[in-house]
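Take a look at the structure below.
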Amino acid sequence: MVEKIEAVINEMTLEEKASLCSGSHFWYTQPLERLNIPRLMVTDGPHGLRKQPEGSDHLGVHDSVPATCFPSAAGLACTWDRELIAEVGRALGVESQAENVSVLLGPGANIKRSPLCGRNFEYFSEDPYLSTEMAAHHIQGVQSEGVGASLKHFAANNQEHRRMSVDAVIDERTLREIYLASFEGAVKKSQPWTVMSSYNRLNGEYCSEHPVLLTDILREEWGYDGIVVSDWGAVNEREAALAAGLELEMPPGDKSGDDKIVAAVKDGSLPEETLNEAVRRLLKLVYRALENKQEGVTFNEEDHHQLARQVAGDSMVLLKNEDDILPLEKNEDVAVIGSFAKAPRYQGGGSSHVNPTKLDEALNEIKQHTSAGITFAQGFDATTDVIDETLMQEAKEQAEKAEKVVIFAGLPDHYESEAYDRTHLHLPTNQVKLIEEISAITSEVVVILSNGAPVEMPWIHNVKAVLEGYLGGQAVGGAAADVLYGAVNPSGRLAETFPEKLSHTPAHLHFPGEGDKAVYSEGLFVGYRYYDAKEIAPLFPFGHGLSYTTFSYRDLRVSQTEITDQDELDVYVTVKNTGDRAGKEVVQFYVKEVDSPVIRPEKELKQFTKVQLDPGEEKEVKVTLDKRAFAYYDTDRKDWIVASGEFQLLAGHSAANIAEQASVQVTSTVPKSRPVFHRNTTIGDILVDQEAANTFTSYLASLDSDSGLLGAVKTQENRDEMMDAMVQYMPLRALIPFSQGAFNETHLKTLLEELNAYQLSS
Ligand code: BGC
């Protein structure tokens, strides 16, 4: 392929090269007939194909060909099931092949910084490890069918508010450990054919023209070998974007970006080799797609629908189940209430909006599971918040007659979408009122939620069960019925924290920022990292989810109790199904650094596995941890560093329910870097470096005066706590005014030379 690409580039005019750097249409790359370069079709999106035959837009306004609508990422992540996510990816790949689509624009790996972000339904998690694992397997699935994925939106696109202009201001460690880490694993493990740069700015620069992001980190550090495509309309200055590492501008608009590239090459401000390199990568994409193109692919819509049902079932999270009200018995009379039981809320609004091949209705599906009496009342009008007394009255009448009530509640379409954020976490007033009124009539109430992100539940104590369904895709109705009646034992676990209220959330005081600046002041403390640190009990913690059975853990053990940062560590724990139904448990492994030299979260998720167990069965599960599980990003050394010391390994059912723990001693193999000493280095910082401490004390000893503070510094005698602290935090230069002339600028200069002499010798 390499020679072919070089031969084609040699044939191309400057204008032709530039023309490849943007599309030919909203969804197509630029063809070049003269050189037999065809166009490729790219299409949204992460959980279903949105191929528009006519009328193009990036917000799902125009219709698209029918395609399977799988649960959106928020739900997919709750499966914590890598293989299942890959299977969804494969199904999406097959549908793309069938529709001649070469690149599918997804998945999204942005971190859920605040539950208010309108697009959280398209993202996996608040945790970078879970998010990047889910994204990697999604991509592997899609690409295993010969279709490219597009990992988006790179990076720090964590809000919709002012998304095309906002500047995400993020400190380097937080950026590396949280926001970039969510992309890093996916890039390294799955090499997506394309990465989509985001709309926003990051620390002052548009992500579409950010050389550190697109070239230094993505390509050079992470070894990325695909192309970078802009989010639709994300390019600011085309030449700057190309120079920074963005190959493809989409959509092309009037193609004036190409003209700018040509002009920049002609006036010498853009080296032609930069353009050639971009063209090389673009041609590689084209040939890769051609080589992988399969003709005449068809798929069985019903099979894909069944897969969507399985995934939706496995993604549902049983948040609460008092008195084991669920699963429902087949002979119980049930009142099904809520408009979503007939017209489901099953996907989010915007560019990911799919035209489904079919749509399950929960009410019908429930009737397939039982011969008992099932009644229905709409309860509320989903298009408004206004309470409809007639609908309310009907619902109450049905509730009075039934043995149990199942309320289908959730966020209506207009509450959350791409392009804007929520401003609160409430369910609509008419739904809250409905839940309150019904639960005043009977305590036998189950609430099923359809929403893309957490909602507050002030009514939680009035109902016995809550089943979180997220936006479960076209088969969510069937999946809900499967879980309600126990045909599927719920095994979903939350991929994000559900707060009790908005004011408890990590970014509350700074979201969505002021004007075009969003300062990520909470730093590393996103999601459970924040709730742990602040000791705030959430409504439901990260990783939480009940089952119709129960699991116990024992014997957490590690392959070695002492390792270096170059070793891998195997961690084992035995999990037992202690109930009377088969079920699946998600075993979560967190790592906690016992005593860290840097600010670190209490614990962080570093591995997980999902295990299926029959009643009474037990299995030992094993996961492997490597250096990254223990490391933090050292901003001085620009590298991942493990601080030698003790780490605890925690195995748990959720971030708030740790069952077992073990300890390991990790030793860093990276030599400690010695600082450069300067006039403002504190005495305390000198004394912690053994060599420097020796140099310092012998230099001071060589001075024959003890006047002023010098004596106290030299002898360590007659120093109380206050004096100790003063000396410790005193910069070297302060010895001059505090030593009454015994230590002067000349001494300081000599001392610094001696302290820094190690640099000359190394
Ligand atoms: C969205 C992308 C999407 C693109 C094309 C943009 O507005 O942010 O996620 O892939 O449109 O529809």
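A few remarks follow.
- Tally, over region 665-709, of residues that are open to solvent by less than 40 Å² (accessible area, probe 1.4 Å), aliphatic (A, V, I, L, M) and free of Cβ contacts under 8 Å to residues at least 60 places away in the same chain: 5
- Which listed residue, of Gly48, Gly60, is within 14 Å of the ligand (Cβ to nearest atom), in contact with a Pro (Cβ under 8 Å, 6 or more places away or on another chain) and within 25 Å of His138 (Cα to Cα): Gly48
- Test: residue in region 612-619 that is within 25 Å of the chain's Cα centre (by Cα) and either open to solvent by less than 40 Å² (accessible area, probe 1.4 Å) or touching a residue at least 40 places away in the same chain (Cβ under 8 Å) (or both): no
- Some residue of region 645-658 being free of Cβ contacts under 8 Å to residues at least 40 places away in the same chain and on the phi < 0 side of the Ramachandran plot: no
- Residue check for Glu514: among the acidic types (Asp, Glu) and either assigned by TED's automatic domain parsing to the domain that holds Val611 or over 19 Å from the mean Cα position of the chain (by Cα) (or both): yes
- 3 or more residues out of contact with any helix residue (DSSP H, G or I) (no Cβ under 6 Å at 6 or more places or on another chain) and not hydrophobic (A, V, I, L, M, F, W, C): qualifying strands (runs of 3 or more DSSP E) within region 519-636: 551-558, 569-577, 583-593, 604-613, 618-625
- Only a single criterion out of (1) out of contact with any Asp or Glu (no Cβ under 9 Å at 6 or more places or on another chain); (2) more than 26 Å from Gly543 (Cα to Cα); (3) surrounded by fewer than 24 Cβ atoms within 10 Å (Cβ to Cβ) is not satisfied by Val103, namely (3).
- Members of region 86-100 found to be open to solvent by 10 Å² or more (accessible area, probe 1.4 Å) and closer than 23 Å to Gly185 by Cβ, listed by number: Glu87, Arg90
- Output for region 217-239, where each listed residue is assigned to a loop (DSSP other than H, G, I, E, B), within 15 Å of the ligand (Cβ to nearest atom) and closer than 19 Å to Ala186 by Cα: Asp231
- Residue in region 175-190 that is within 24 Å of Gly472 (Cβ to Cβ) and not in a loop (DSSP other than H, G, I, E, B) present: yes
- Only residues that are among the small types (Gly, Ala, Ser), part of a helix (DSSP H, G or I) and either open to solvent by 20 Å² or more (accessible area, probe 1.4 Å) or touching a residue at least 60 places away in the same chain (Cβ under 8 Å) (or both) were counted in region 718-757, giving 2.
- Checking Glu514 against (1) in contact (Cβ under 8 Å) with a residue 60 or more places away in the chain; (2) among the acidic types (Asp, Glu); (3) more than 22 Å from Leu326 (Cα to Cα), the condition it does not meet: (1)
- Matching option when the condition is small (Gly, Ala, Ser) and closer than 13 Å to Val42 by Cα, among Gly108, Gly93, Gly118: Gly93
- Of all residues making up region 376-417, the number that are on the phi > 0 side of the Ramachandran plot and assigned to a loop (DSSP other than H, G, I, E, B): 1
The values are calculated or read from the model by the stated rules, or taken from the named source; none is laboratory data. All values derive from a computational prediction rather than experimental measurement. Because the Cβ atoms are built from the backbone with ideal geometry, glycine has one as well, and the counts that use them run over all protein chains shown. Side chains included, ligands, DNA and RNA excluded: accessible areas come from the protein's heavy atoms. Shrake-Rupley method; radii C 1.70, N 1.55, O 1.52, S 1.80 Å.
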